[in-house]
Amino acid sequence: MTSATKTSTTDLKLEVVVIPVSDVDRAKRFYDGLGWRLDADFAVGDTFRVVQFTPPGSPSSIHFGTGLTSAAPGSASGLYLVVSDIEAARAELIGRGADVSEIIHRAGPGQPPVSGRDPERRSYRSYASFSDPDGNGWLLQEVTERLPGRVDTDITTFTSSTELAAALRRAAAAHGEHEKRTGGRHDENWPDWYADYIVQEQAGKPLPS
């Protein structure tokens, strides 16, 4: 890796992932039924059509259609959807018609899967999966705290009110323990403590005590 590569500040934002489908209208009904936002449906004659959907809270979208890819329909797999509460996300997807697997977790990297959500709710450990009508495979992964270096430490962003609410709930629980350690006294500066906790958590830095 050259020094120029190391110091590059050019943003390279993943915008769209193309998934191969055999029936565009069937796929459109499926993803619309999941509650994903329909951004576009453009056709040029009979040889080209692009449909774009964006999952709730996601900065990236998916494309499918006609004349977009030579990949076999249903051959996409391991398409990750990161969620802050895997049980809630699974229940919602099932309610919208997706056939979602049971939740599994791994005790550690390379360990065999175990039934159920990780009992300690550790990030990156709990999963569930589902497929679209063509068999393109989606994987839910519960992430509540990013590993160090995985986010820009100078920027704190939330892509949905649900994600922000989950961060606030974690901060509230941690702040309750903080007040216990300080003798149960009300912390008048709790907004500052919350803000510091949320920013440090998202940046993967040590959390305030």
### Task
Considering only the range 18-45, state which residues are in contact with a Leu (Cβ under 7 Å, 6 or more places away or on another chain) and over 20 Å from Gly97 (Cβ atoms).
Val18
### Task
Given the conditions (1) within 30 Å of Arg122 (Cβ to Cβ); (2) in contact (Cβ under 8 Å) with a residue 12 or more places away in the chain; (3) exposed (fewer than 13 other Cβ atoms within 10 Å of the Cβ), report the number of the one that Ala72 does not fulfil.
(1)
### Some residue of the range 110-119 being in contact with a Ser or Thr (Cβ under 8 Å, 6 or more places away or on another chain), of a type in the set (D, E, K, R) and closer than 25 Å to Arg170 by Cα
yes
### Task
Determine, yes or no, whether Leu38 is free of Cβ contacts under 8 Å to residues at least 24 places away in the same chain, outside any helix (DSSP H, G or I), in contact with a helix residue (DSSP H, G or I) (Cβ under 8 Å, 6 or more places away or on another chain) and loosely packed, with under 14 Cβ neighbours inside 10 Å.
yes
### Query
Out of curiosity, is Thr47 among the hydroxyl-bearing types (Ser, Thr, Tyr), without any contact (Cβ under 8 Å) to a residue 24 or more places away in the chain and farther than 22 Å from Glu163 by Cβ?
yes
### Task
From Ala98, Ala71, grab the single residue that is assigned to a loop (DSSP other than H, G, I, E, B) and touching a Leu at 6+ places or on another chain (Cβ under 8 Å).
Ala98
### Query
All but one of (1) of a type outside the set (A, V, I, L, M, F, W, C); (2) in a helix (DSSP H, G or I); (3) modelled with pLDDT of 80 or more hold for Glu201; which doesn't?
(3)
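Per-residue answers, yes or no, for (1) modelled with pLDDT of 75 or more; (2) outside any loop (DSSP other than H, G, I, E, B); (3) surrounded by 15 or more Cβ atoms within 10 Å (Cβ to Cβ):
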site	(1), (2), (3)
Glu145	yes, no, yes
Gly149	no, no, no
Thr159	no, no, no
Arg170	yes, yes, yes
Asp187	yes, no, no
Lys205	no, no, no
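The values are calculated or read from the model by the stated rules, or taken from the named source; none is laboratory data. Because the structure is predicted, anything quoted here is derived from the model rather than measured. A quick note on method: Cβ atoms are made from the backbone with ideal geometry, for glycine too, and the neighbour counts reach across all protein chains shown.
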